[in-house]
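The values are calculated or read from the model by the stated rules, or taken from the named source; none is laboratory data. Computed from a prediction, not measured in an experiment: that's the story for all the values here. FYI the Cβ positions are ideal-geometry reconstructions off the backbone, even for glycines, and counts take in every protein chain you see. All accessible areas refer to the heavy atoms of the entire protein, side chains included, with ligands and DNA or RNA removed. Shrake-Rupley method; radii C 1.70, N 1.55, O 1.52, S 1.80 Å.
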Protein chains: 2
Amino acid sequence: MQEPKRGASATLHASIFHNSPEDILLDLKDHGWEAGDAPRRFNESAAELATLFAEEREGWKGYIEWERYPEKKRKAAEILSRYNFKGNDEFQLVPLPSTNPILEGKRWKQYHKALAGTIQDIPAISWKYVTKEKSDDMIHVLQFPYNGEPPRDRLVQTEFTPNEDHFVRNHGGIPEIEPEKYFVEVDGLVKEPQSLSFADIQDETKFPHKSLVVTLQCSGTRRIEQIHEYPGDGDELINAPWGEGAIGNARYTGVSLKKIIKHCGGLVDGADNIEFYGCDTYFKKGQVYNYVVSVPWRKVKANEVLLAWDMNGKPLPKIHGYPLRVVVCGYIGARSCKWLYRIKGIRGPSMAPVQMKEYLYYTPQVGKQNAMYSNGFSIQDMPVSSAIMSPIDKKVIVHSGSISLRGWAYSGGGHWPIRVEVSGDGGSIWYEVPPANLSTKYYHGWRLWSIDLPVDAEGWLELCVRCWDNALNTQPTFVRSAWNWDLHVTSSCHRIKVYSVNKSRKRTSERLAKLEEQGLGIEPLTMPLEVDLESEEDYIQQVISTGGRDPVE
Amino acid sequence: MQEPKRGASATLHASIFHNSPEDILLDLKDHGWEAGDAPRRFNESAAELATLFAEEREGWKGYIEWERYPEKKRKAAEILSRYNFKGNDEFQLVPLPSTNPILEGKRWKQYHKALAGTIQDIPAISWKYVTKEKSDDMIHVLQFPYNGEPPRDRLVQTEFTPNEDHFVRNHGGIPEIEPEKYFVEVDGLVKEPQSLSFADIQDETKFPHKSLVVTLQCSGTRRIEQIHEYPGDGDELINAPWGEGAIGNARYTGVSLKKIIKHCGGLVDGADNIEFYGCDTYFKKGQVYNYVVSVPWRKVKANEVLLAWDMNGKPLPKIHGYPLRVVVCGYIGARSCKWLYRIKGIRGPSMAPVQMKEYLYYTPQVGKQNAMYSNGFSIQDMPVSSAIMSPIDKKVIVHSGSISLRGWAYSGGGHWPIRVEVSGDGGSIWYEVPPANLSTKYYHGWRLWSIDLPVDAEGWLELCVRCWDNALNTQPTFVRSAWNWDLHVTSSCHRIKVYSVNKSRKRTSERLAKLEEQGLGIEPLTMPLEVDLESEEDYIQQVISTGGRDPVE
C-alpha cells in the first residue's frame, strides 16, 4: 500500500485507508492526477459529502462554515489525507511560464474537488467573476485562488485605481451572497454580541458613513525580484510571483469598525484584538479553515479599520468582498478580510493559520532548515516602498538627453511619501522628483510621481527609485539587503534595466539615420545588424590615427 | 515581389532576382524555411553549383578555397543575397532552451545548404565528428558550427584536459584531410615561399620538435553571465552562450612557427604580422571567406606560436584541427587557427573579418547604436580570470561549518596565477587558497585550485573567486564592471549562489532529523514542507518569552 506523503496527518488517519482502486468516487484526473495517485476507496457517497460540506445559509452560495464545527474540519482533513496531492510545479528555479494565467493553482483546485459537494464548483464560479469584474488584460498571476494585477503602465495613469484594474489577492473562492440575506455576527469578548444585517450596518442613524482613501498592498508586491535573486518557499498560493502591480488605491466607504464595537457595548476587559472571519475556505497543511485574521483593538480605536461596501463610489465587486469587507489602513492587505461573516473580540492576536503561520518576515539566515512560526515576525504595517512603472524593464529608449519615468510611492502605518528620488546609474547619483510632480498626499494613500531624468549615457543603464516617508524611513538598497525565505515585502529600491540610445550624440544619430534609410530599426535590440558597421577605408584611417593597433617599438 | 532583408547587398544584386516560385532548386524547408521565404529561381543547375564551389584538392574533403578566387566569392555572395535568411532565434531576452544542443545554428546550416554542391554536406559531417571525438555528456552550446564544453565539475578533475573533454569552438565545418596529401603553403612577405608537406614539418632534422603546456580559452567563456545581466549582440555564432567550461589545458607538440619562417628565409623587410588560413568556410554579413586570422611576428619570434599535430600525446582530433593547427600561447583561442593550409607574411594585422570585425572589446556605452570596427579593440592576450566549478550554481549544501570549492584560474600573455582567493559573502572577506592547493605553475597554463571555505552562515550565500596574477592584475568585481556589447571576456569575479544548511547548528540539525524521520528531505529546496513548523504550545511560549507580539503600552 502506497502511503500518502502528508506526514503526521497521514499517520493519524492511516486506519481509514481502503485499497480498492476500482471504487473511486472522485475523478481528479482532470486536475493533474496520475494513475498511481488515485484516491483510495472510502465510504461516503457523493450525496453524503454534499450534506457533510453543505453551505451554511440560504442565499450564501459558496460559504462553508468550518470554524464552528471541529468535527466537520476533522472529517475534511481525514478525506484530504487519503490523497497523494501533487506538489506545486517548480516555478522559481525554472523560468516562469509565459502563459496567462501564469500559474494555475492545481493543488488548490484539487482540494476543492476532493471535498466534493458544493465546494467543488467554487473554482469555476470564482473564475467567472474574474472574467466579469476584472479588465481583460489583467496579468493572472495565479488562476485559483485568484491573484491578478494590472499592466504596469496603466496602473499609474490614475491616482485612483479603477475597480476593474485593482489587484486581487484572494486566498480562496468567491462566495455569492445576496445582500438582503447578509448579516455579520459580532461576538467573542464584546459586551453585547449581536447580529447586524446589511441594512443595519448601512443605517446612518446608527453608524455614520465614513469614507477614506486607502492604498491596499499585498506583501507579495514585487516578489518576482526576490525570486529572481534567490528562490524561497515555493508554495504558489502563499508565494505567487507578483510584479509591481499588487498595489492599488481606492476610496472606500463604509463605517468605522470602532462604531460597530461600541454599538455592541465595547470590548470585555482584557480583550485587545479583533478577529475577522471570511467566507472563503482556506487550506493549510492538510487542514481546512475559513479565512481568519485579526487586528489590534488599538488600530480599530484609531478609526483606521473600516467595514466597507463601496469602492470608488460603486458597490464592492464580488471579487473584492461583496457585500462587506474589512479595510485596514496602512496594513498588509491580508488583514482586510473579504466576505466578512463574523467579528470576534479576542485576547492576543488570532491563532488562525493566516495570522499565525503566514505573512511572517524571516531573517536571511532562516529558511527551510530552521524556519519556525515564532522566529519570523508577523507583518502588519507596510514599510516605505516605491516602483518605476514606466518604462518597463529591458526597454530600448531612444531619447535626446532625458528619459521620462513614472511610478508609485507608498508608506504604510499612516506615514506618507514625502520625497521620491530616482537614479540613472544604479543608485549613486539621485535626482529628486519635483514636489509638484507628486500626487496628493494622504495618510493612507500612495502618491504617483513622474520625472524627466537627465540621461547622457548610452547602453544598458540601471534606473532605480527610492522613497523617503515623513518619518525619514527609506528603502533598503538591494534585493539581497532584505531577502527573506517567504519572499515577503520586497521594499528594496526598485531597479529596472533600460537600453539608452541618446540620439543627441552624433555617431548614434548617424547610425539611426542609416538604419532608417535601409528600412531597419534599432529594435529588436539583440538582432544582429546585417549591414557593415564601417568601411575598410574608415577603419584603417581610424586605426592609423590612434597609432596603429600595436606599438611600433 | 518581396525584397530580401539584407540591405546593401540585396540592393546590389536585385537585378538577378526571378519570380517563379515553382522553379526552386534548393529545398531549404528542413532548415526552418517558411513558404514566403522560398528562394527565387536562378540559373545555375545543381551540377553547376557543385563545379563552382568544388573542393580544391584531392584528399582534402570539405575544404573550399575562397581567398584566392574573388570571382567565386562574389558569386557565392550573389547566391546568398537571393535568400531571405531567417535571423537567429532570440536567446537572450528569453530563457535559453533546455535542450542539448542548446542552440542549433540554423542560419549557418542554411548558408551551407544555399551554396549546395559539396559544401552542403559539411554540417552533417561535422556533427559526425562531435559524436565520435567528444564525450557523450558535452554541453553542446551550438550544434553548427560546433561549440561545446564539458560538464563543469569534470573539467577541474585533471590538470590536463582529456582531448574528448576539451572545449571546442569552431567557426565552420570540419574538413577531412588525408595526412599524406596534406601540405601547408608559406608565402606572402617571406623571402623564400615554400610548400611544406606534413612529413617535412615533422622532420626533426629540419625542425626540432617543441612541446608546450598551453591553456586555450575562448573569449566567450562565461558569456552566459553577461547575457543574464544584459543582452548584447544576439548573433548565436559569434556570441554563443558559453558557461565556465570554454577553457581547457593540454600539452601540444609540434614545431615553433619561428623555425618554419626562418626555414623560408625569414620575413621581407617591413612585414610584421603572420596571417593564418584555415580550411573552414566562414560567413560574415552575406560574404564568404576562409577562416583567416593573424598574430604579430613579435609573438612568433618569442617561440610562443606552435604548429601542432599532437595534443596530450595523441594525434590532434579532427575536430581540433587535424592534421595541423596553430597554437598561440596566452592569446584568445580564436588566433589558434585549425586545419591550417596557408601561412602568409603581411604588414599590419589581418584585414580578414575574424581579425578585423570580430573579437572586439567595446566600452559599456558602445552598442548597436554606435559600434564600429574601430571603436572596439582587438582581443589578443587574455586577462586574468578564474571560476568556481564545484559546487555548481543554486546547489543546496548541507555541511558542518565549511564548504569545499574547486575551480580553475588562468592569466594569458605569459602571466600565471600567483594567488587565488574565495569569498563566502559576495566579496567582502576573502580567504586565500593555500598555495599547496594550487596545481603546477606554467607560463601558459591554468592552475587548478581547491579550498575548504569556512562557512557559518545559513541560507543563500554568494560565493565568489578572484585570481591575482604575477603582474598583480586581478579581476573586475562585478559583471557590470566589464560588460561589453559583444559579450567577450567575462573575467569579473565569478559568483555562484549556494544555499547553505549548517548542520552544526542545533535548530537546523533538529529539523534535518525530523525530516529524515518522516522520509522527507531538505531538497527540492523550494518544495513547501508539509509538516507543521512548530506546535501551538511552543509558538505561544516563544512569543510570550519575547514580550508578546505587540507592546503592552
- [ ] Mind listing whichever residues of segment A:329-375 are of a type in the set (D, E, K, R) and within 17 Å of B:Glu530 (Cα to Cα)?
- [x] A:Lys357, A:Glu358, A:Lys368
TODO: Report whether or not A:Ile174 is β-branched (Val, Ile, Thr) and open to solvent by 30 Å² or more (accessible area, probe 1.4 Å).
DONE: no
TODO: Check off (1) within 11 Å of chain B (Cβ to nearest Cβ); (2) assigned to a strand (DSSP E or B); (3) of a type in the set (A, V, I, L, M) for A:Val288 and give me the number that stays unchecked.
DONE: (1)
Open item on the list: Looking only at segment A:426-476, how many residues end up being without any contact (Cβ under 8 Å) to a residue 60 or more places away in the chain, assigned to a loop (DSSP other than H, G, I, E, B) and buried (at least 16 other Cβ atoms within 10 Å of the Cβ)?
Closed with: 4
Open item on the list: Exactly one condition in (1) open to solvent by less than 10 Å² (accessible area, probe 1.4 Å); (2) more than 14 Å from every other protein chain (Cβ to nearest Cβ) is false for A:Val300; which is it?
Closed with: (2)
- [ ] From B:Gly427, B:Gly407, B:Gly412, B:Gly445, grab the single residue that is within 28 Å of the chain's Cα centre (by Cα) and within 14 Å of chain A (Cβ to nearest Cβ).
- [x] B:Gly427
Open item on the list: Just checking, does segment B:471-478 include any residue being at pLDDT 95 or above and within 22 Å of B:Arg154 (Cβ to Cβ)?
Closed with: no
Open item on the list: Looking at A:Leu472 and the list (1) within 14 Å of chain B (Cβ to nearest Cβ); (2) on the phi > 0 side of the Ramachandran plot, which single condition is not satisfied?
Closed with: (1)
Open item on the list: Can you find a residue that is within 14 Å of chain B (Cβ to nearest Cβ), open to solvent by 10 Å² or more (accessible area, probe 1.4 Å) and within 25 Å of A:Asn147 (Cβ to Cβ) anywhere in segment A:236-255?
Closed with: yes
Task: Residue list for segment A:484-498, filter: open to solvent by less than 10 Å² (accessible area, probe 1.4 Å) and either over 19 Å from the mean Cα position of the chain (by Cα) or within 29 Å of B:Asn484 (Cβ to Cβ) (or both) - done: A:Ser492, A:Cys493, A:His494, A:Ile496, A:Val498
- [ ] Provide a single number: the residues in segment B:543-553 that are of a type outside the set (Val, Ile, Thr), open to solvent by 80 Å² or more (accessible area, probe 1.4 Å) and either at the interface with chain A (Cβ under 7 Å from one of its Cβ atoms) or assigned to a helix (DSSP H, G or I) (or both).
- [x] 1
Open item on the list: Looking at segment B:66-86 only, could you name the residues that are in a helix (DSSP H, G or I), within 24 Å of B:Phe276 (Cβ to Cβ) and within 29 Å of the chain's Cα centre (by Cα)?
Closed with: B:Lys73, B:Ala76, B:Ala77
Task: Residue in segment A:109-122 that is under 25 Å from A:Pro179 (Cα atoms), in a loop (DSSP other than H, G, I, E, B) and open to solvent by 10 Å² or more (accessible area, probe 1.4 Å) present - done: no
Task: Residue match in segment B:483-504 (condition: part of a helix (DSSP H, G or I), more than 9 Å from every other protein chain (Cβ to nearest Cβ) and either in contact (Cβ under 8 Å) with a residue 40 or more places away in the chain or not hydroxyl-bearing (Ser, Thr, Tyr) (or both)) - done: no
Task: Those residues of segment A:266-285 which are open to solvent by less than 20 Å² (accessible area, probe 1.4 Å) and small (Gly, Ala, Ser), in sequence order - done: A:Gly266, A:Ala271, A:Gly278
- [ ] Go through (1) out of contact with any Pro (no Cβ under 6 Å at 6 or more places or on another chain); (2) not assigned by TED's automatic domain parsing to the domain that holds B:Trp408 and name the single condition B:Trp483 misses.
- [x] (1)
Task: Filter result (among the hydrophobic types (A, V, I, L, M, F, W, C) and within 13 Å of B:Val489 (Cβ to Cβ)) within segment B:341-385 - done: B:Leu360, B:Phe377, B:Ile379, B:Met382, B:Val384
- [ ] Being more than 11 Å from chain B (Cβ to nearest Cβ), more than 18 Å from A:Cys467 (Cα to Cα) and open to solvent by less than 10 Å² (accessible area, probe 1.4 Å) is the filter here, so list the residues in segment A:360-390 that pass it.
- [x] A:Ile379
TODO: Would you mention how many residues in segment A:41-65 are aromatic (Phe, Trp, Tyr), in contact with a Ser or Thr (Cβ under 8 Å, 6 or more places away or on another chain) and surrounded by fewer than 20 Cβ atoms within 10 Å (Cβ to Cβ)?
DONE: 0
TODO: Could you list all residues from segment A:136-171 that are among the hydroxyl-bearing types (Ser, Thr, Tyr) and surrounded by 15 or more Cβ atoms within 10 Å (Cβ to Cβ)?
DONE: A:Tyr146, A:Thr161
- [ ] Tell me which residues, restricted to segment B:85-106, are buried (at least 18 other Cβ atoms within 10 Å of the Cβ) and modelled with pLDDT under 90.
- [x] B:Phe85, B:Asn88
Open item on the list: Among the listed residues B:Leu525, B:Leu520, B:Leu529, identify the single one that is at pLDDT 95 or above and either facing chain A (nearest Cβ under 8 Å) or within 25 Å of A:Met356 (Cβ to Cβ) (or both).
Closed with: B:Leu525
TODO: Specify the residue that is nearest to the other protein chains (Cβ to nearest Cβ); the eligible residues are those in segment B:90-104 that are without any contact (Cβ under 8 Å) to a residue 24 or more places away in the chain and under 24 Å from A:Tyr499 (Cβ atoms).
DONE: B:Pro95
TODO: Would you be able to say whether some residue in segment B:131-146 is within 20 Å of B:Asn239 (Cα to Cα) and of a type in the set (D, E, K, R)?
DONE: no
